[in-house]
1. For residue 177, are the conditions met, namely being of a type in the set (D, E, K, R) and without any contact (Cβ under 8 Å) to a residue 24 or more places away in the chain?
2. Look through segment 185-205, keep the residues that are out of contact with any Phe, Trp or Tyr (no Cβ under 9 Å at 6 or more places or on another chain) and outside any helix (DSSP H, G or I), and return whichever of them is farthest from residue 150 (Cα to Cα).
3. Of all the strands (runs of 3 or more DSSP E) wholly in segment 70-184, which have at least 1 residues that are of a type in the set (D, E, K, R) and either modelled with pLDDT of 90 or more or more than 19 Å from the chain's Cα centre (by Cα) (or both)?
4. So which of 171, 155 ends up being touching a Cys at 6+ places or on another chain (Cβ under 9 Å), among the β-branched types (Val, Ile, Thr) and touching a residue at least 24 places away in the same chain (Cβ under 8 Å)?
Amino acid sequence: MDPTRPGTGGEAFAHLHHDLMNPLTVVVGYAQMLADRPDLDEEARSQARRILEEARECVRIVERARAAVHAARRAEAAPAAVAVATGGAKKRVMIVDDEQVILRLTAEILHAEFDVTTCDNANEALRKLLIDEYDLVLLDLNLGGRIGGRELYDTLLVQQPEVADRVVFVTGGIVSDDEQDFITSSGRECIQKPFHINALREAVRRLTA
């Protein structure tokens, strides 16, 4: 069972919900105050409104996930119901990131439209990629552990070049010249953290179309 999906890992999700909601509440509050300050110029207030919108969307995602967890737990306790057709298979997306909060949040953003699998290390990702097929792999370039994101991509180029063609790098912070050269030479797309929620959805839709 995948604890990043609604309906599983209820106790773990309760702790995650608590850990996420406290900082999100702070972000929403300060962003709202900045957006409403008349002494700030329009550009600063516009940036504050954008942050406020993103933080509120994060709050909505977390709350929807909590409601889904509770609904799934109630369903598990009830007699089995007749399955409802979903109207076609979802595109399969693998997310590889060693940051657990980012991993869970990204999975929650995408799970409504995509069949999401998460991995927090390169070895686990390699094992799953050898067994199953995925339409897209979101790979953290600065993946921690003995095998990093670059090494995982280089391994895929040799062992599974068709999978390497479906990799999209995800990176945060300042990208060094060496990293930028690597991304450019790979020819793969790169999504910067922190990503806009809607922009991430649109990018994944486009890349799996």
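The values are calculated or read from the model by the stated rules, or taken from the named source; none is laboratory data. Just so it is clear, the model here is predicted, and its values are computed rather than measured. Backbone-built Cβ (ideal geometry, glycine too); neighbour counts: all protein chains shown.
1. In short, yes.
2. The selected residue is 196.
3. The qualifying strands (runs of 3 or more DSSP E) are 91-96, 114-119, 136-140.
4. Answer to the check: 171.
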